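To start, the structure itself, in structure tokens.
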Amino acid sequence: MSEETTVELRLPASRQFLTVLSAVIAAVMERIENLTDRDIQSYNVQLAAHEICVNIVAHAYAENPINDIAIKLIVNSQHIRIEMKDTGQPFDPTSVPEPNLDEAQVHGYGLFLARELMDTVDYQSYSDHNLWILAKNFEF
Amino acid sequence: MDITITQHQTIAEVTLTGRFDAFNADKLREQLYSIIDQGTNQFVLDLSQTPFLDSAAMAVLVSLLKRARQQGGDVKLVWPQQEAARRILNLTRFDRVFSMSETATAALQTF
């Protein structure tokens, strides 16, 4: 896979279908050649994307499954970029403090994990939609 | 996710099989809280067969830990077998907050 390829999904905004996204990411990364620790890299990208989707379900759409999340996986042999678009309530990523890792807490790990596991996590709110972009260079 | 609960006198051994995430976390939390309400405050949560954990799962673990400790008990964890899942517990330093064991038998013996 030397050229860039785009896989598109439209998922209902429901926790029930998060496994679909994980399965697609796993399948896409399975075809990337020469990855170091393939299972770990795949898991990390799956988890990062999963956490953002949960954020969209819970905050953008307040758990209303009538809405959906438009997802694009843009991948080549070196890199993956995941775009997740919703039309719900805007979110302020700066409002989520970094968790204090010296003391277990109930909330706050989701965005932290996404940022730790991907190279970049960007969010932009527009007049009619919100867009998360997660990106990772593969390790070989 | 399948949940198996084995009572060892004062300790509840909870074995989770399958993905533990935002889809099933609330349901598990309610089950665990009901065990506490029935008088048990010592838990071994066996994550060895849990290939995927997310922040919702971690929230359940922390909630249970806080509630158990409020009642004089504790929650001990068994490491996931999958290296990727183990690394997430390292990344969030859960391995420093919780007592971790390689097997449920070992975890039970730490009480």
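What follows draws every value from the coordinates through simple rules; no lab data is involved. It should be emphasised that the depicted structure is a prediction, and the values quoted were computed from it without experimental measurement. Using ideal geometry, Cβ is built from the backbone for each residue, glycine included, and neighbour counts are taken over all protein chains shown.
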Legend entry - Label-reachable residues, the stretch B:78-96, where backbone N falls under 17 Å from a point 7 Å from B:ILE5's Cα toward its Cβ: none
Inset, instruction - Can you grab the distance from the C-alpha centre of the stretch B:1-68 to the C-alpha centre of the stretch A:83-131, Å, no decimals? - result: 26 Å
Legend entry - Cα→Cβ-extended label distance, 7 Å offset, between B:ALA106 and A:SER95, nm: 4.3 nm
Legend entry - Separation of the A:ILE66 and A:ASP122 label points, Cα + 7 Å toward Cβ, nm: 3.3 nm
Inset, instruction - Calculate, axis by axis, the spread of Cα positions in the stretch A:5-137 along the three principal axes, and write the results as whole Å, longest axis first. - result: 39, 38, 26
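What average number of partner chain Cβ atoms lie no more than 10 Å from the Cβ of the residues making up B:43-55? Numbers along the way, then the final one.
Details: counts 0, 0, 0, 0, 0, 0, 0, 0, 2, 7, 1, 9, 15.
Counting Cβ atoms of other protein chains within 10 Å of each residue's Cβ and averaging gives 3.
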Legend entry - Evaluated over the protein assembly as shown, the Cα radius of gyration and Dmax, each in Å: 18.8, 60
Inset, instruction - Can you tell me the 0 to 90 degree angle between the C-alpha axis of helix B:25-37 and the longest principal axis of chain B, rounded to 10? - result: 20 degrees
Inset, instruction - Using only the alpha carbons of chain B, determine the length spanned along each of the three principal axes and report them from longest to shortest in whole angstroms. - result: 34, 28, 22
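Summing +1 for each Lys or Arg and -1 for each Asp or Glu, what net charge is found among the other residues whose Cβ lies under 14 Å from the Cβ of B:PRO51?
On the way: positive: B:ARG19, B:ARG86, B:ARG87; negative: A:ASP39, B:ASP2, B:ASP21, B:ASP46, B:ASP54, B:GLU83.
Surrounding charge for B:PRO51 is -3.
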